[in-house]
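Read through the structure below, which is laid out as structure tokens, and then see the notes.
The values are calculated or read from the model by the stated rules, or taken from the named source; none is laboratory data. None of the values given here were measured: they were computed from a predicted structure. Here the Cβ positions follow ideal geometry from the backbone for every residue, glycine too, while neighbour counts run over all protein chains shown. Just the protein is used for accessible areas: all its heavy atoms, side chains included, with ligands, DNA and RNA removed. Shrake-Rupley method; radii C 1.70, N 1.55, O 1.52, S 1.80 Å.
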Amino acid sequence: VGNPMRQILHGGVISAVLDVAGGFAIMLSLAGDAEITAAKFPNLGTIDLRVDYLRPGRGKHFIVSARIVRRGSRIAVTHMELHNDAGELISTGGAAYVVG
């Protein structure tokens, strides 16, 4: 999704992928907690998202990674990166999520 003539990803797709990756990293971290059960899994919502677009989103496939910077009792913060199939860094992001 984006510019089909130039085969470039749309910025909204890039930001959505970064947001999902950050949230997924937190969900995986929460799933590892012994006191969290499937019935008591907390809600998660994005409260802040910043995306830096470094290059046009060109590539055949893309790899997103996320790491948790801090996970508190109510707020979690992540840093995310999106690379293309050539290993070029396309964008970075930082996000804060409310957990609970």
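Structure values in brief
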read-out	value
Rounded FRET efficiency, nearest 0.05, which uses the C-beta distance separating ILE47 from LEU89 and R0 of 22 Å	0.30
Calculated FRET value between HIS10 and ASP33, using beta carbons and R₀ = 41 Å, to 0.05	0.70
Cβ charges +1 (Lys, Arg) and -1 (Asp, Glu), total dipole of the chain, debye	100
Percent carbon-and-sulfur accessible area, the chain, ignoring ligands, DNA and RNA, probe 1.4 Å	56
Directionally averaged projected area (convex hull, Cα atoms, the chain), nm²	6.8
Extension gain (nm, one decimal) between ASN3 and VAL69, 0.36 nm per residue minus Cα-Cα	20.4 nm
0 to 90° range, to nearest 10: angle between helix 11-31 axis and the chain longest Cα axis	30
Probe 1.4 Å, protein heavy atoms only - accessible area per residue of the chain in square angstrom	62
